[in-house]
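Participant: This is the structure I want to talk about, given as structure tokens.
Nothing in this text is a laboratory measurement; each read-out follows from the coordinates by a stated rule. Because the structure is a prediction, the values reported are computed rather than measured. As a convention, Cβ positions derive from the backbone with ideal geometry for all residues, glycine included, and neighbour counts pool all protein chains shown.
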Amino acid sequence: MRRVAQVVAVRPELLDAYRELHRAVPEPVLDRIRRSHISNYSIHLLGDRLFSYFEYHGDDLAADLAAMAEDEATQRWWKLTAPCQVPVPEAAPGEWWATAEQVFLME
């Protein structure tokens, strides 16, 4: 299993819209996330930053994320959520959600 933590900024004027969208994530989007071998997925807010965490149980995260990106339901969902977000300065070129380094784990 691989743990993934990511960060993206949220546009303050769209924060309420972002929260509202996540009160009813479409089931096909959730299903695609599950079929991409992702579990325990959560998003947290602090100030203007969104922090996500998920556990990946597959063998090829890049391929599973690519399959998610090709999914029509997910594409429709991202058209709603993307305008609410802006990459953080720490994001690599082309990276939307910046991946955070794990520095500690207690199991």
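Participant: Among MET68, MET1, which comes first, then next, by fewest other beta-carbon atoms within 10 Å? It would help to have the intermediate numbers written out before the result.
Facilitator: Values: MET68 18, MET1 9.
Arranged by neighbour count, lowest to highest, MET68, MET1 become MET1, MET68.
Participant: Let me know the charge dipole size of the stretch 22-81 about its Cα centre in debye, to the nearest 20, where only the beta-carbon of Lys, Arg (+1) and Asp, Glu (-1) is charged. Please report the intermediate quantities before stating the final value.
Facilitator: Values: 7 positive and 10 negative charges, 66 e Å.
The dipole of the stretch 22-81 has a size of about 320 debye.
Participant: May I pose another question? Net charge within 12 Å of HIS37 by Cβ-Cβ distance, Lys/Arg positive one each and Asp/Glu negative one each, not counting HIS37 itself? Don't skip to the answer; put the middle values down first.
Facilitator: On the way: positive: ARG2, ARG32, ARG34, ARG35; negative: GLU55, ASP59, ASP60, ASP64.
Around HIS37, the surrounding residues sum to 0.
Participant: Sort ILE43, ILE33, ILE38 so the one with the fewest other Cβ atoms within 10 Å of its own Cβ comes first.
Facilitator: On the way: ILE43 15, ILE33 18, ILE38 21.
In increasing order of surrounding Cβ atoms, one gets ILE43, ILE33, ILE38.
Participant: Taking the Cα centre of the chain as the origin and placing charges on Cβ (Lys, Arg +1; Asp, Glu -1), which of CYS84, SER42, PHE104 is farthest toward the positive end of the dipole?
Facilitator: Positive-most Cα among the choices belongs to CYS84.
Participant: Using each residue's phi in the stretch 93-107, evaluate 6.51 cos²θ - 1.76 cosθ + 1.60 at θ = phi - 60° and report the 3J(HN,Hα) Karplus result to the nearest Hz, with x for Gly and Pro.
Facilitator: My calculation for the stretch 93-107 gives x, x, 8, 8, 8, 6, 7, 8, 7, 7, 10, 7, 8, 10, 10 Hz in order.
Participant: Please get the size of the charge dipole for the chain, origin at its Cα centre, with Cβ charges of +1 on Lys and Arg and -1 on Asp and Glu, quoted in debye to the nearest 20.
Facilitator: Details: 11 positive and 17 negative charges, 50 e Å.
The dipole of the chain has a size of about 240 debye.
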